[in-house]
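One structure is given here, and the rest of the page talks about it.
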Amino acid sequence: MPCLHATGICRGLASNGTFLVGIVVDELAAAIEFFGDLGLVRQGDGSAEGGWVDGIVGVEGVQADLAMMQTSDGNGPLELVRIG
């Protein structure tokens, strides 16, 4: 089982009104595997950069790689983020 080290956790509302939990991790692939082993399904992935991300992180010139996971019952979206 991979070691999972979360550096930050936040929650908020997703665009559909459900709660969204975001976890900042050091190793995105290991986190995807870990939560997949717990039964969450990967819904998609992507990356973001620029002024919007810089403002959230508080550091200029960063890139955020992310994966969206979903519980098997369709509730509780989970956003895994690696910032580099």
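Quick notes
- Some residue of the stretch 40-48 being more than 13 Å from the chain's Cα centre (by Cα), free of Cβ contacts under 8 Å to residues at least 24 places away in the same chain and farther than 12 Å from GLU79 by Cα: no
- The residue that is nearest to PHE19 (Cα to Cα), among those in the stretch 29-84 that are among the polar types (S, T, N, Q) and either modelled with pLDDT under 90 or in a loop (DSSP other than H, G, I, E, B) (or both), is ASN75.
The values are calculated or read from the model by the stated rules, or taken from the named source; none is laboratory data. Worth saying up front: this structure is predicted, and the values here are computed from it rather than measured. Every residue, glycine among them, receives a Cβ derived from its backbone with ideal geometry; neighbour counts consider all protein chains shown.
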